[in-house]
1. Residues 167, 67: which one is of a type in the set (A, V, I, L, M), in a strand (DSSP E or B) and surrounded by fewer than 17 Cβ atoms within 10 Å (Cβ to Cβ)?
2. Of the conditions (1) modelled with pLDDT of 95 or more; (2) crowded, with 18+ Cβ neighbours inside 10 Å, residue 152 satisfies every one except a single condition; which number is it?
3. Hey, can you tell me all the residues within region 107-120 that are open to solvent by 10 Å² or more (accessible area, probe 1.4 Å) and either in contact with a Lys or Arg (Cβ under 7 Å, 6 or more places away or on another chain) or closer than 21 Å to residue 44 by Cα (or both)?
4. Could you pull out the residue among 104, 123, 128 that is in contact (Cβ under 8 Å) with a residue 40 or more places away in the chain, crowded, with 22+ Cβ neighbours inside 10 Å and not acidic (Asp, Glu)?
5. I'm trying to understand the selection: among the residues of region 1-46, which are in contact with a Leu (Cβ under 9 Å, 6 or more places away or on another chain), in a helix (DSSP H, G or I) and not polar (S, T, N, Q)?
6. Counting just the residues of region 181-198 that are open to solvent by less than 70 Å² (accessible area, probe 1.4 Å), touching a residue at least 12 places away in the same chain (Cβ under 8 Å) and in a helix (DSSP H, G or I), which one comes out nearest to residue 7 (Cα to Cα)?
7. Being out of contact with any helix residue (DSSP H, G or I) (no Cβ under 9 Å at 6 or more places or on another chain) and modelled with pLDDT of 95 or more: is that true of residue 96 here?
Amino acid sequence: MPEIVLASASPSRHRLLTSAGITPNVVISGVDEEDPAYSQLSPRELVIALAIVKAHTVKEKIDYPAIIIGCDSTFEFEGESLGKPMTAENAIARAKKLSGKSGVLHTGHCFIDTDRGIEISDVVSTQVHFTKMSDEEIEGYVATGEPLNVAGGFTLDGLSAPLIAGIEGDPSNVIGLSLPLLRNAMNSLGYRWFELIS
């Protein structure tokens, strides 16, 4: 069985895999997600392009048989792609915009089986509905620091979970990696899901 390699520094993606019984090697791609070359892409195009670049960058770094998982997420709100807020000011302004509204979390995925030379890539999109948030709640949440480095400025598996009224679609996708898509990809590559459990 090849090693499972997660081409991501995201603790949420790592937790998702381990909670599903998969212990990946983490090899961080170091790809610059803010490169201006990506600025003209639509949210869906952006996440698939970055997922593919991350997976291929990690493929060049390793020299053993592996299934590489590259992912990238962004939150689409009113046609705009909302990545990581990075600053408290951005996170507060963004949460005020999202309060009581909905958007779509897109995650691009690229799976490379280095042994077989097969690559599978796809985007999964999940609708996210936010509760009406008070300014006090927004400031309290942003003060935790959690939203600064996550796509859209919120997480379904963290401190902002009570601020999310509901979702339509795959919950693991909102966290950063669609487990149903991963399972389908593994099946397509000829592996049985429970053989991956470590």
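1. Exactly one residue qualifies, and that residue is 167.
2. (1)
3. Answer for region 107-120, where residues must be open to solvent by 10 Å² or more (accessible area, probe 1.4 Å) and either in contact with a Lys or Arg (Cβ under 7 Å, 6 or more places away or on another chain) or closer than 21 Å to residue 44 by Cα (or both): 114, 119, 120.
4. Only one candidate passes the filter, namely 128.
5. 13, 14, 16, 17, 38, 43
6. 182
7. Here the answer is no, as residue 96 does not meet what is asked.
The values are calculated or read from the model by the stated rules, or taken from the named source; none is laboratory data. Since this is a predicted model, take the numbers as computed values, not measurements. Don't worry about glycine lacking a Cβ; one is built from the backbone with ideal geometry, like all the others, and counts go over all protein chains shown. With ligands, DNA and RNA removed, areas are computed over all heavy atoms of the protein, side chains included. Shrake-Rupley method; radii C 1.70, N 1.55, O 1.52, S 1.80 Å.
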